[in-house]
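Please treat every number below as a calculation from the coordinates, not as lab data. Values in this document were obtained by computation on a predicted structure and should not be read as measured data. Note that each Cβ is placed from the backbone with ideal geometry, even for glycine, and that neighbours are counted across all protein chains shown.
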Amino acid sequence: MALVRILVDGYSLLHAWPELAPGKSRHSPAARDELIQALIRYQDACGTPVTVIFDGAGSKRAVAEPASTDAIEILYSHAGQTADQMIERAAHLFQAYGEVLVVTNDFAERDIVSGVGGMTSNCDNFIQTIRSALNESDGAVRLHNEKERARFRAR
C-alpha cells in the first residue's frame, strides 16, 4: 500500500527540533511558522500530503498564521479535544485509503496508531528524514541550475 498521508503532532515535533526558531517559545507563532515552512518544503520534496495538528485549546493564534493548502493541512484541536485524539481518529479514517505515517514522540500515541494499522515515527527519525529529503532536493536543484547555466553559456 502507498503512503497516503503523514500526520504530525505539531508540538511534539517542535519540542524535538530546537534548531527551529531558536530563542522562541515552542508554542509561539514564530516556532509554528518555521515548522510549517519546513513541512511545506518536505512535502514539496516527497509529494505525500502532510497534516500537522497542534493542541489548540486555549491558545492565542495570530490571525496571519498560514492557512491549509492541498499539500499541507494545518489543524488545531478545540476545547475538550487533544491533538492526540485528532491524530488517532485521522489515522483510523485514512487506513481505508492506504498507509498513514504518524510522527510523534508520545509512546502511547504510537502504540494506539500501530494498533489501528498505522505506521509511526519518532520525531528525531522524522527530522533526519526531512533533512535528507531537503538535502537531496537542494542538490538536485543545484545540479539542474548548473546544467542550465552551462547550456546557456554554450550558446
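For Tyr76, the residues whose amide H sits under 5 Å from its own are Phe54, ignoring neighbours fewer than 5 places away on the same chain, with H placed 1.01 Å from N.
All alpha carbon pair distances within the chain were sorted into 5 Å bins beginning at 0; the resulting P(r) in whole percents reads 2, 9, 17, 20, 19, 13, 8, 5, 3, 2, 1, 1, 0.
Using just its DSSP H runs of length 4 or more, each adding -39500 (n - 2.57), the chain gives a mean residue ellipticity at 222 nm of -16500 deg cm²/dmol after division by all residues. Secondary structure note: in the chain, about 0% of the DSSP beta bridges are antiparallel. The simple spin-label model puts a point 7 Å past each Cα toward its Cβ; for Ala71 and Ala2 those points are separated by 1.7 nm. Length gained on full extension, Glu19 to Ala150, computed as 0.36 nm times the residue gap minus the Cα-Cα distance: 43.6 nm. Peptides 137-145, 39-47, 80-88 ranked from most to least packed give 80-88, 39-47, 137-145, packing being the mean of other C-beta atoms within 10 angstrom over each peptide's residues. Here the peptides 123-135, 95-107 are ranked by packing, the mean other Cβ count within 10 Å, and the order with the highest first is 95-107, 123-135.
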